[in-house]
Amino acid sequence: MSGTRATVAVTGLGVCGPGGVGVPALWEALTTGKAHHPPLTDFDAAGATLGAAGQVPGHTGGDGVWRALDLAETAVREALDDVDRAHVALVLGTTDPGVVPPRPGHFTGDLAGACAERTGLGGEALTIANASASGAAAIAVARDLVALGEAPAAVVGGADAVTDMAFLGLNSLRTLGPEGCRPFSTERRGIGVSEGAAVLRLEPYDEAAPDAATPLAVLAGCGLTNATGHLAAPGADGIELAVRLALADAGLAPEDIDFVNTHGPGTRRGDTAEIEALRAVFGPRLTSIPVNSVKGVLWHLQGGAGAVEAMACVLSLMHGAVTPTWGAEPVDPICADLDLVLEDGPRRLPGLRTALSVSCGLGGMNTALIFRRP
């Protein structure tokens with residue numbers, strides 16, 4: 001980025017997913033390992049490796065292609081609070097360009113545009129489609145808009161529904177696991193998918209101003225790469241570079257990171273590449289950094305995954321605690337020396353200052369986000 005850049009802070013959160021609706025429900029799910037994964041009834045999944053999906057409990061939004069829009073609206077309204085909406089930008093990531101049918105004057109799949117109309121946001125509306133890294137990539141884009149003064153504030157994140165095309169497509173690729181996501185476990189055999197939406201409200205933050213309100217967290221650095229040697233699996237080099245770019249953007253060194261929230265999908269190639277990348281960045285110190293993945297409880301929120309995992313980092317900083325990686329035991333020997341958080345509840349870390357979140361997507365999309373306490 002060039003030009004004068006403002007510090008950007010997280011000032012609001014909104015979420016709905018298999019943990020429930022609202023930020024307290026998400027934290028409860030992350031700390032207890034309890035989420036909603038009922039059998040699929042919206043389409044015929046007979047013969048699929050997995051017959052369930054993560055769903056929002058009690059949510060009665062629209063069906064089919066409108067589902068992601070309803071979920072996004074739910075999350076955005078929670079994050080807006082009492083903000084003046086006239087010039088607030090909206091940036092939403094999603095994996096499926098068909099989640100919103102074509103409308104007059106709009107591109108097909110204009111999730112952000114449709115959601116901005118529903119919620120009264122008058123700023124720029126951008127839809128980002130970068131596979132499973134969509135939500136995290138959207139956060140990086142929105143950070144730039146706010147940091148350079150292109151938008152006075154932005155609501156940003158990701159949303160996705162569980163559609164027959166996505167679910168059965170993943171099944172045909174043998175990506176689904178019979179138990180859903182088991183990050184870093186010797187028994188992992190693939191992923192489980194979920195519906196949901198998560199957004200962060202971003203605003204400029206003047207740390208020197210004595211009357212500045214204390215934000216929830218500061219979005220200190222972002223790094224994005226498009227690099228892999230396999231279209232269906234991430235590459236360690238691409239992940240490593242994304243993390244190094246985020247560190248440089250934040251003006252931090254590897255030793256400044258206190259906690260790593262991994263992409264951690266529970267696939268053998270994905271987990272292995274990510275751990276290899278983190279070892280390259282952090283060296284021997286990686287064994288003393290708390291590491292987790294939230295996919296063991298939430299499963300994979302697709303285009304919303306990177307956003308809900310960024311939110312998990314913000315919540316960990318706010319609570320001074322890191323939540324467990326549910327379903328990881330027995331742990332794969334490739335990461336047996338790591339400080340995986342495996343307790344039955346959150347691990348208290350009062351000195352927690354910085355958190356790194358890693359997101360990866362098909363086609364080599366890698367995103368790293370760094371948050372710090374204000």
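The values are calculated or read from the model by the stated rules, or taken from the named source; none is laboratory data. Here the structure is a predicted model, which means the values were calculated and not measured. A quick note on method: Cβ atoms are made from the backbone with ideal geometry, for glycine too, and the neighbour counts reach across all protein chains shown. Only protein heavy atoms, including side chains, enter the accessible area calculation; ligands, DNA and RNA are left aside. Shrake-Rupley method; radii C 1.70, N 1.55, O 1.52, S 1.80 Å.
In segment 74-93, the qualifying residues are those that are in a helix (DSSP H, G or I) and more than 17 Å from residue 134 (Cα to Cα), and the one that is most open to solvent (accessible area, probe 1.4 Å) is 77. Among the residues of segment 180-204, those identified as part of a loop (DSSP other than H, G, I, E, B) and surrounded by fewer than 21 Cβ atoms within 10 Å (Cβ to Cβ) are 186, 187, 189.
Are any residues in segment 228-252 part of a loop (DSSP other than H, G, I, E, B), in contact with a helix residue (DSSP H, G or I) (Cβ under 7 Å, 6 or more places away or on another chain) and among the small types (Gly, Ala, Ser), and if so, which ones? Once the filter is applied, which keeps residues that are part of a loop (DSSP other than H, G, I, E, B), in contact with a helix residue (DSSP H, G or I) (Cβ under 7 Å, 6 or more places away or on another chain) and among the small types (Gly, Ala, Ser), segment 228-252 yields only 235. Looking for something within 30 Å of residue 112 (Cα to Cα) and open to solvent by less than 20 Å² (accessible area, probe 1.4 Å) - is there at least one such residue anywhere in segment 278-291? No, segment 278-291 contains no residue that is within 30 Å of residue 112 (Cα to Cα) and open to solvent by less than 20 Å² (accessible area, probe 1.4 Å).
Checking each residue in segment 228-262 for being modelled with pLDDT of 95 or more and among the polar types (S, T, N, Q) picks out 261, 262. Taking every residue in segment 215-227 that is open to solvent by less than 20 Å² (accessible area, probe 1.4 Å) and pairing it with any residue that is assigned to a strand (DSSP E or B) and of a type in the set (Ser, Thr, Tyr), at least 6 positions away or on another chain, the pairs with Cβ-Cβ distances below 9 Å are 215/11; 220/354; 222/367; 223/367; 225/367. What about residue 156, is it β-branched (Val, Ile, Thr) and farther than 21 Å from residue 366 by Cβ? For residue 156, the condition - β-branched (Val, Ile, Thr) and farther than 21 Å from residue 366 by Cβ - is not met.
One residue stands out among those in segment 163-179 that are of a type outside the set (A, V, I, L, M, F, W, C), in contact (Cβ under 8 Å) with a residue 24 or more places away in the chain and open to solvent by 10 Å² or more (accessible area, probe 1.4 Å): the one that is farthest from residue 263 (Cα to Cα), which is 164.
Comparison of 41, 11, 31 shows that the only residue that is in contact (Cβ under 8 Å) with a residue 60 or more places away in the chain and open to solvent by 30 Å² or more (accessible area, probe 1.4 Å) is 11. Being closer than 30 Å to residue 141 by Cβ, in contact with a strand residue (DSSP E or B) (Cβ under 9 Å, 6 or more places away or on another chain) and either open to solvent by 50 Å² or more (accessible area, probe 1.4 Å) or at pLDDT 95 or above (or both): is that true of residue 329 here? Against the criterion (closer than 30 Å to residue 141 by Cβ, in contact with a strand residue (DSSP E or B) (Cβ under 9 Å, 6 or more places away or on another chain) and either open to solvent by 50 Å² or more (accessible area, probe 1.4 Å) or at pLDDT 95 or above (or both)), residue 329 does not qualify. So which residues in segment 213-227 are modelled with pLDDT under 95, outside any strand (DSSP E or B) and in contact with a helix residue (DSSP H, G or I) (Cβ under 9 Å, 6 or more places away or on another chain)? The one that is modelled with pLDDT under 95, outside any strand (DSSP E or B) and in contact with a helix residue (DSSP H, G or I) (Cβ under 9 Å, 6 or more places away or on another chain): 227.
Residue 186 falls short on exactly one of the conditions (1) over 22 Å from residue 88 (Cβ atoms); (2) over 21 Å from the mean Cα position of the chain (by Cα); (3) modelled with pLDDT under 95, and that condition is (3). When we screen 76, 88, 23, 8 for residues that are under 22 Å from the mean Cα position of the chain (by Cα), farther than 30 Å from residue 346 by Cα and modelled with pLDDT of 90 or more, the only hit is 88. Close contacts from segment 317-334, counting a first residue that is of a type in the set (Asp, Glu) and a second that is assigned to a loop (DSSP other than H, G, I, E, B) and open to solvent by less than 30 Å² (accessible area, probe 1.4 Å), with Cβ to Cβ under 6 Å and a gap of 6+ residues or different chains, come to 332/184.
Set side by side, the residues 365, 318 differ, and just one is buried (at least 24 other Cβ atoms within 10 Å of the Cβ), among the hydrophobic types (A, V, I, L, M, F, W, C) and either touching a helix residue (DSSP H, G or I) at 6+ places or on another chain (Cβ under 6 Å) or over 17 Å from residue 246 (Cβ atoms) (or both), which is 365.
One residue stands out in segment 101-143 among those that are part of a helix (DSSP H, G or I) and open to solvent by 30 Å² or more (accessible area, probe 1.4 Å): the one that is modelled with the highest pLDDT, namely 141. Kindly indicate which of 268, 244, 279 is of a type in the set (D, E, K, R) and either touching a residue at least 40 places away in the same chain (Cβ under 8 Å) or within 11 Å of residue 183 (Cα to Cα) (or both). Exactly one of 268, 244, 279 is of a type in the set (D, E, K, R) and either touching a residue at least 40 places away in the same chain (Cβ under 8 Å) or within 11 Å of residue 183 (Cα to Cα) (or both), namely 268.
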